[in-house]
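The values are calculated or read from the model by the stated rules, or taken from the named source; none is laboratory data. Because the structure is a prediction, the values reported are computed rather than measured. Here the Cβ positions follow ideal geometry from the backbone for every residue, glycine too, while neighbour counts run over all protein chains shown. Ligands, DNA and RNA are excluded from the accessible area calculation, which covers all protein heavy atoms including side chains. Shrake-Rupley method; radii C 1.70, N 1.55, O 1.52, S 1.80 Å.
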Amino acid sequence: QVQLVESGGGLVQAGGSLRLSCAASRSIFIATMGWYRQAPGNERELVATITSGRSTHYADSVKGRFTISRDNDNTVSLQMNSLTPEDTAVYYCRVVLRSRDVYWGQGTQVTVSS
């Protein structure tokens, strides 16, 4: 079992920045860490992922504005710059173990005002 603790959400004006962090209760056997988001009325969508080898993948909508990093083996961060109201959503941390088990965080709200 892996517990995920997210932090860093909040309210920011358009053009501003926020940094999200997610810490896993243990690092052993973690393959990929990532962030997803879900806006009201929408399906949950991928934002960015990073592998244990530090390979990254971004949704087209956030390329050039968001940066995912893996601070250590069990912590992942998402630096979000040039935020727009369209980025408003609940952001979820997701961890995939080498066993392919998947764990989700509880979600953190990001609200961008125009």
Next on the checklist: At 1.4 Å probe radius, can you tell me the per residue accessible area of the chain in Å²?
Outcome noted: 51 Å²
Next on the checklist: Can you give me the Kirkwood hydrodynamic radius for segment 29-114, using every pair of distinct Cα atoms, in Å to one decimal?
Outcome noted: 13.2 Å
Next on the checklist: With every protein chain left in place and a probe of 1.4 Å, what is the accessible surface of Arg54, to the nearest 10 Å²?
Outcome noted: 100 Å²
Checklist outcome for this item: Nearest-0.05 FRET efficiency for Ser114 and Ser82 at R0 = 22 Å, using Cβ-Cβ distance, is 0.95
Checklist entry - What is the set of long-range amide H partners of Gly16 at a cut-off below 5 Å, with H atoms built 1.01 Å from backbone N? => result Leu83
Checklist entry - What percent does the relative contact order of segment 28-108 come to when contacts are Cα pairs within less than 8 Å and at least six residues apart? => result 34 percent
Checklist entry - Got a number for carbon plus sulfur as a percent of segment 30-114's accessible area, 1.4 Å probe? => result 43 percent
Item to check | Rounded FRET efficiency, nearest 0.05, which uses the C-beta distance separating Gln1 from Thr67 and R0 of 22 Å | outcome: 0.15
Checklist entry - In the Gaussian network model of the chain, springs joining C-alpha atoms below 10 Å, which of Arg94, Arg26, Arg70 carries the largest mean-square fluctuation? => result Arg26
Checklist entry - How much length, in nm to one decimal, is gained on full extension between Ser55 and Thr75, taken as 0.36 nm per residue of separation minus their Cα-Cα distance? => result 5.7 nm
